[in-house]
């Protein structure tokens with residue numbers, strides 16, 4: 001890109017142009033990761049920083065007076081976000097009742113040291129707090145204000161307000177919940193007012209999406225969005241190979257059903273989009289991440305802008321533990337419409353977005369425009385080997401690839417296996433490994449050298465064996481029922497061992513023939 005074009009993109013983003021925002025993300029993502037790495041020194045943490053920095057950039061770019069200064073301005077945004085990330089990680093988990101959860105975090109490390117910054121920060125927090133307490137009784141407002149701003153202890157509050165200490169805790173808990181709801185409501189009010197002032201649509205609705213298969217695979221949803229976008233027909237086999245769905249395995253210590261699609265969604269989605277030659281926006285990663293009203297509005301804005309462009313947005317965990325598509329919104333009703341893999345549609349309020357379930361974080365993917373040519377199938381093979389080895393971005397409590405198989409077999413050996421989770425995993429992985437077999441078979445047929453063709457064909461056959469091993473486990477569990485494991489676990493262990501050995505052999509073939 002010529003330098004003179006960058007200010008035009010910045011101006012476009014300031015005016016709410018989503019394609020311009022996607023283009024800035026595409027241009028600056030790798031650079032932003034390098035900036036973040038200089039501070040956090042961890043590649044996966046740097047990914048988190050960059051994702052948050054793009055959200056901050058989109059919300060604050062209107063304050064940039066000189067579009068030509070975007071490069072240095074955005075570098076500071078990334079740096080400050082990285083510093084805040086380190087500060088948050090080092091301080092541990094904030095107690096649920098602490099004022100910081102209610103009032104929001106400061107944005108610059110200098111606010112911790114400069115008295116003027118501290119004063120301004122305190123005034124900002126006071127305004128935010130008092131603006132969120134309008135619906136509370138007078139005593140609740142006074143008590144919560146004293147607790148948050150004067151840092152009064154529950155014992156002091158009990159004496160001051162003539163209450164039992166237990167009642168102080170109850171009032172604080174109820175008041176904090178109500179005040180938090182008010183914060184989210186007011187932020188949505190502000191967002192909708194800005195949309196009306198900008199002349200943006202008040203609603204948007206696309207045809208109800210359809211699914212090829214009712215499995216928890218992000219590839220199926222990407223295929224639906226690409227079809228809607230008028231992209232050339234992509235086969236499910238191609239998309240599952242490109243996205244890693246065909247080769248990924250993730251499992252918890254008991255193989256619980258809640259973990260069947262838990263991996264670093266944003267990292268994997270950005271990798272898939274890059275291989276497809278597409279831009280896009282991803283929000284959300286696994287793990288506890290308290291949702292602020294500002295972040296909720298970022299999610300909502302991406303959904304609305306994507307639907308306005310004629311494409312549904314991909315979402316995980318809006319309905320618990322499943323992928324789905326958001327295809328309609330209505331500002332007057334403050335609702336978004338969701339289609340799950342079971343083909344049922346549901347309505348969610350704007351304020352519910354990202355807050356419906358506490359078990360897992362929400363993930364959102366909005367696919368943008370084409371930015372280049374897709375990579376060749378051969379270029380995917382290094383990532384295939386990484387998936388088999390389990391070299392994924394770490395997620396606490398999960399093992400991946402071949403180490404994941406060992407954890408799964410240990411759960412069966414120790415009779416700790418969650419049979420329902422096992423059932424889901426078996427169904428999904430049978431389909432996935434069949435697609436992995438077909439993906440490698442296709443590459444083998446196109447290979448130019450004999451050695452490469454033979455290596456890929458043998459690896460393909462190994463994935464077919466893995467798929468057959470999973471198919472053979474179908475009768476080995478009482479889907480949806482409890483009961484004794486004793487008469488099934490031996491068969492389960494044998495099936496898992498066969499799949500593990502098949503994938504281990506596939507990896508050896510790929511490595512031997514330098515795939």
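Read-outs: derived from the displayed coordinates by stated rules, not from any lab. Small disclaimer: the values here were computed from a predicted structure and weren't measured. Counting neighbours? That spans all protein chains shown, and the Cβs are built from the backbone with ideal geometry, glycine included.
Residues of region 489-515 with backbone nitrogen within less than 14 Å of a virtual label 7 Å along the Cα-to-Cβ line of residue 451, please, listed as ranges. Zone members listed by number: 509-515.
Suppose the chain between residue 193 and residue 294 were pulled fully straight at 0.36 nm per residue; how much longer would it get relative to their current alpha carbon spacing?
Gain in length upon complete extension: 34.9 nm.
If you plug the beta carbon distance of residue 490 and residue 31 into 1/(1 + (r/R0)^6) with R0 = 51 Å, you get a FRET efficiency near 0.40. In this simple spin-label model, placing a label point 7 Å from the Cα along the Cα-to-Cβ direction at both residue 142 and residue 474 gives a separation of 7.0 nm. Inter-label distance, residue 386 to residue 332: 4.8 nm, where each label sits 7 Å from its Cα along the C-beta direction.
Computed on the Cα trace of region 218-512, the radius of gyration divided by the Kirkwood hydrodynamic radius gives Rg/Rh = 0.98.
For residue 504 and residue 185, the difference between the fully extended length at 0.36 nm per residue and the C-alpha to C-alpha distance is 109.6 nm.
Using a ≥ b ≥ c from the Cα gyration tensor of region 285-371 (square roots of the eigenvalues), is it rounded, prolate or oblate, where a/c under 1.5 gives rounded and otherwise the larger of a/b and b/c decides, a/b for prolate? Note, shape of region 285-371 comes out rounded. Using the beta-carbon distance between residue 370 and residue 415 and R0 = 41 Å, what value does 1/(1 + (r/R0)^6) give for FRET efficiency, to the nearest 0.05? About 0.20, to the nearest 0.05.
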